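Written out below as structure tokens is the structure these notes cover.
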Amino acid sequence: MPEGYVVNDKRFEKFIVPGEKLKKLWTGAVWAEGPVYFADGDYVLWSDIPNDRLMRWSAKDGAKVFMKPCGYMNGHTLDREGRLVSCEHGNRRVSRMEKDGSVITLVDRYKGKRLNSPNDAVVKSDGTVWFTDPPYGILSDREGHKSDSELGKNYVFRLDPRSGDLRIVADDFDKPNGLAFSPDEKRLYIADTGASHTKDGPHHIRVFDVANGEKLSGGRMFADINPGFADGLRVDSDGNVWTSAGDGIHVFTPQSELIGKVLVPEPQANLVFGGPKKDTLYITATTSLYTIRVNARGDQKP
Ligand code: MG
């Protein structure tokens with residue numbers, strides 16, 4: 001078995017670039033999360049949530065603080081115009097950075113009640129923003145501001161930023177977290193990280209069918225994650241699911257088969273496909289940012 005990987009199935013071998021090993025690009029975070037890649041400029045942004053800062057790394061400039069304070073940002077994604085969409089624990093909102101650098105609120109309330117602390121988001125091809133709203137940013141002052149939940153539940157939402165229309169698309173999660181569409185957008189994968197606070201809580205990914213591009217149905221178990229739990233996840237262009245876990249990035253086929261792992265020495269929160277060919281993983285793992293090139297391409301757009 002090649003060092004640094006676990007191969008459960010021959011189908012995983014094609015993803016391994018010969019001689020390629022995991023590299024640590026930077027360390028110094030308390031809890032690194034939310035990596036997002038910008039092709040224009042070839043750089044990565046990610047959150048260091050307890051330090052309330054947004055970090056930036058590029059091969060040219062190395063790592064530096066991009067924004068601090070930043071509203072205790074967590075997960076990020078790009079919309080179809082390449083604008084940064086961020087989940088903010090501190091401001092309990094989903095925001096968007098405009099091309100001039102200003103940050104605007106996309107949504108912070110549902111029917112007049114404040115959101116808990118948006119955690120992760122994904123933008124569908126129609127421009128709608130799908131995001132999870134667990135309470136991690138209000139449970140304590142560590143990752144935001146301790147506060148009561150006004151909603152009293154942890155929903156998954158769909159926002160149309162043009163009209164402001166906000167709808168609940170899933171209401172039966174313990175703590176919904178990372179999420180990603182399949183390449184054809186007929187499926188939505190959503191992680192549940194209830195196990196992070198409750199020992200016997202969920203540590204799995206469920207898969208939903210997307211009806212008419214706007215509703216979810218099904219929600220069957222897709223994968224139980226061990227060790228650790230799936231926080232953030234991404235889908236490659238062939239529909240395989242690459243998820244964070246306790247020991248490395250786990251790779252599942254669309255049929256739920258765990259075919260292999262990319263081992264990482266710290267528990268991971270999230271990952272993103274980046275690089276000019278979208279074949280480079282950037283992994284936020286507890287204190288550090290790691291990278292490794294793989295023979296797979298991310299499905300994120302743009
Ligand atoms: Mg998360």
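The values are calculated or read from the model by the stated rules, or taken from the named source; none is laboratory data. This is a predicted model, so every value here is computed, not measured. Every residue, glycine as well, gets a Cβ built from its backbone with ideal geometry; the counts of neighbours run over all protein chains shown.
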- Query: Going through the stretch 189-200 one residue at a time, which ones are exposed (fewer than 15 other Cβ atoms within 10 Å of the Cβ) and either more than 15 Å from the ligand (Cβ to nearest atom) or at pLDDT 90 or above (or both)?
  - Reply: Thr198, Lys199, Asp200
- Message: Filter the stretch 1-31 down to the residues that are loosely packed, with under 14 Cβ neighbours inside 10 Å and charged (D, E, K, R) and list them by number.
- Response: Glu3, Asp9, Lys10, Lys14, Lys21, Lys23
- Subset of the stretch 263-277 [closer than 19 Å to Ala191 by Cα and either free of Cβ contacts under 8 Å to residues at least 12 places away in the same chain or more than 16 Å from the ligand (Cβ to nearest atom) (or both)]: Phe273
- Query: Which of the residues belonging to the stretch 71-90 are farther than 20 Å from Gln300 by Cβ and crowded, with 24+ Cβ neighbours inside 10 Å?
  - Reply: Tyr72, Glu88, His89
- Message: I'd like to know if the stretch 41-58 contains one or more residues that are more than 20 Å from Gly232 (Cα to Cα) and among the hydrophobic types (A, V, I, L, M, F, W, C).
- Response: no
- Task: State all residues of the stretch 220-251 that are more than 16 Å from the ligand (Cβ to nearest atom) and not in a strand (DSSP E or B); if no residue qualifies, say none.
- Result: Asn226, Pro227, Ser237, Asp238, Gly239, Asn240, Asp247
- Turns out the strands (runs of 3 or more DSSP E) fully within the stretch 88-170 with at least 2 residues that are away from the ligand (no atom under 16 Å from the Cβ) and over 21 Å from Ala191 (Cα atoms) are 93-97, 103-107
- Message: Condition first: at negative phi, in contact (Cβ under 8 Å) with a residue 40 or more places away in the chain, buried (at least 23 other Cβ atoms within 10 Å of the Cβ) and more than 13 Å from the ligand (Cβ to nearest atom). Can you find one or more residues in the stretch 173-188 that meet it?
- Response: yes
- Being within 16 Å of the ligand (Cβ to nearest atom), modelled with pLDDT of 95 or more and outside any loop (DSSP other than H, G, I, E, B) narrows Thr284, Thr291 down to just Thr284
